[in-house]
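This report refers to the structure that appears directly beneath it.
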Amino acid sequence: HSFGADSIMEVAPKIEHKVLFLGAIDAVGSGGQRSLNRKRKVPGNVEYFYNRWQNDGVFPFDYRKSGSFKNCNASVKCDQGESSSDVGHVDLPATDALQREILAIIKGLLTQRVDANNAETKSEEKGLKPTDLLDSAPLKNLFGN
């Protein structure tokens, strides 16, 4: 989120292994601008790139400009769009809708990895909570009991 999203976008091209999911939430570069988004690249080692931004607040300072990354080479999907939530920059990553959407995508990606023969995964799962993902088969006991 914010400066952190911009930082991970700067580092992503330097990572030498596959990245299953890379998410950027309202990325903001130096000077509080999102204009750097047009210069950053999503490298081909990223499989699923998820990017959401808001146009409802005065931060970033150029908030009326699109938050889209123009050079997206993700191998599976470049999922970019303005958030449907009517919240500003600070509150955007904490919205229930955004968290549910991200968790459903990650769970779907992990499920496909665990069972490549699995038919379809739901694009959205209602009521999904962060603890549900940690308790799911792909991540069960990954972080201890």
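Just so it is clear, none of the values below were taken in a lab; they were calculated from the coordinates. Everything numeric here is computed off the predicted structure, so don't read it as measured data. Reconstructed Cβ throughout: ideal geometry from the backbone, glycine too, with neighbour counts over all protein chains shown.
In a fully extended conformation the segment linking Ser75 and Gln33 would gain 12.4 nm over its present Cα-Cα distance, using 0.36 nm per residue. Available extension along the chain between Thr111 and Glu47 is 21.6 nm, counting 0.36 nm per residue and deducting the alpha carbon span. Measuring r between the beta carbons of Ser68 and Glu16 and using R0 = 41 Å, the FRET efficiency lands at 0.95.
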